[in-house]
Amino acid sequence: MAESASELVSQTILRLPMRPLILAVFFLAVAVAARAAHNPGIVKGTDQFEFVYQVKLPEIKGEARVWMPLAKTDAFQTVTEEKLNIPMKWEKVQDRDYGNDICVIYPQPADSGKTVEIRYRVVRREKVAYSATEAEATHYLRPEKLVPMNETFRTLAQKAAAGKSDDLERAKALYDHVIGRMRYDKSGTGWGRGDAMYACDAQTGNCTDFHAYFIALARSIGIPARFAIGATIPADKNEGTIEGYHCWAEFLADGRWVPVDISEAWKNPKLANYYFGHNPANRFELTKGRDLVVEPEPASGPINFLAYPLLEMNGEIIKPETTFTFRRIGA
């Protein structure tokens with residue numbers, strides 16, 4: 001029987017000497033990407049779409065503030081704000097550590113029931129491994145509130161990566177370990193916060209939990225890793241509602257950031273090789289990082305991660321009605 005494209009890529013990578021491994025992610029995965037193009041969940045190359053972020057405020061009683069992400073242009077997405085409808089007092093700030101743009105809204109009782117709407121036009125490119133800086137490497141070895149570094153993660157990571165010679169091979173071993181240990185399951189309580197200890201113990205969760213666990217493992221053995229969050233743009237239709245956020249991770253190997261999407265790999269095993277080294281074009285990134293420190297600061301402290309808006313009223317967190325919709329351009 002003929003070998004699949006993904007099997008050929010995997011075997012080729014395993015035969016390569018240590019130094020060129022990162023190039024394997026960059027070039028040899030072309031065969032896998034070509035195959036992935038036929039999967040309804042993947043858009044290769046580039047994607048273009050309008051993305052509408054809409055929030056309906058509840059009844060405002062007393063002092064209230066809202067923190068919302070404002071998407072930015074980077075090396076893989078060009079973002080244009082086509083419409084910015086915020087019919088109340090607001091300001092744009094940046095978080096201290098990651099430089100995310102954040103909209104802080106100060107609604108009054110007269111703003112009860114009003115709708116905030118941001119309409120983006122986005123050109124997104126498929127993400128592959130890309131250059132990093134030494135400063136970034138140091139920053140992304142630090143623990144976070146829900147992504148600690150401890151002996152539990154270190155022991156698990158060392159066992160999973162035993163016998164691997166460099167960071168790309170070790171990260172691939174951790175990636176496979178997470179896929180094998182975790183189960184995508186949003187039942188019960190505790191999931192969805194990106195709590196690495198919860199994920200380790202429960203062995204279930206959503207994308208935040210999968211990637212928090214991976215990042216904790218990677219950092220525990222000296223591999224810098226980081227988190228980003230946004231949305232998946234459906235590939236099988238050209239407009240509609242997007243059901244929730246999506247997140248992913250990146251790790252540093254041989255001077256490059258390598259993207260991974262482990263929860264999607266778990267749900268689509270035939271694309272597991274693709275998702276190690278790629279982030280498809282049908283993604284929209286809203287923010288980077290965890291424990292976002294902003295001024296003014298929420299009463300609840302640094303923001304765990306920011307995709308949906310954070311609304312605090314009289315010191316309590318309230319979940320406003322939030323809707324993501326999209327329309328593909330040129331379809």
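The values are calculated or read from the model by the stated rules, or taken from the named source; none is laboratory data. Predicted, not measured: the structure shown is a model, and the values here were computed from it. All Cβ positions, even for glycine, are placed from backbone atoms using ideal geometry, and neighbour counts span all protein chains on display. Ligands, DNA and RNA are stripped out before the accessible areas are found, and what is left, the full protein with its side chains, is counted by its heavy atoms. Shrake-Rupley method; radii C 1.70, N 1.55, O 1.52, S 1.80 Å.
Figures for the structure shown
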item: Subset tally (residues that are outside any loop (DSSP other than H, G, I, E, B) and closer than 17 Å to R142 by Cα) for the range 285-305; result: 3
item: Pairs with Cβ under 8 Å, 6+ apart, first in the range 265-283 and open to solvent by 20 Å² or more (accessible area, probe 1.4 Å), second part of a loop (DSSP other than H, G, I, E, B); result: W266/M182; N268/N39; N268/G41; K270/N39; N273/A29
item: Subset of the range 55-78 [over 17 Å from the mean Cα position of the chain (by Cα), crowded, with 16+ Cβ neighbours inside 10 Å and assigned to a strand (DSSP E or B)]; result: V55, A64, R65, V66, W67
item: Number of the exception - T323 against (1) touching a residue at least 60 places away in the same chain (Cβ under 8 Å); (2) open to solvent by less than 40 Å² (accessible area, probe 1.4 Å); (3) not in a loop (DSSP other than H, G, I, E, B); result: (2)
item: Matching residues in the range 113-158 - criterion: being open to solvent by 80 Å² or more (accessible area, probe 1.4 Å) and closer than 21 Å to A231 by Cα; result: R121, R125
item: Complete set of residues in the range 174-194 that are in contact (Cβ under 8 Å) with a residue 12 or more places away in the chain, open to solvent by 70 Å² or more (accessible area, probe 1.4 Å) and of a type outside the set (F, W, Y); result: D176, R183, K186, R193
item: Residues satisfying the stated conditions in the range 80-99, i.e. of a type in the set (S, T, Y) and free of Cβ contacts under 8 Å to residues at least 60 places away in the same chain; result: T80
item: Where G240 falls short, out of the listed (1) of a type outside the set (K, R); (2) in contact with a helix residue (DSSP H, G or I) (Cβ under 9 Å, 6 or more places away or on another chain); (3) at positive phi; (4) part of a strand (DSSP E or B); result: (2)
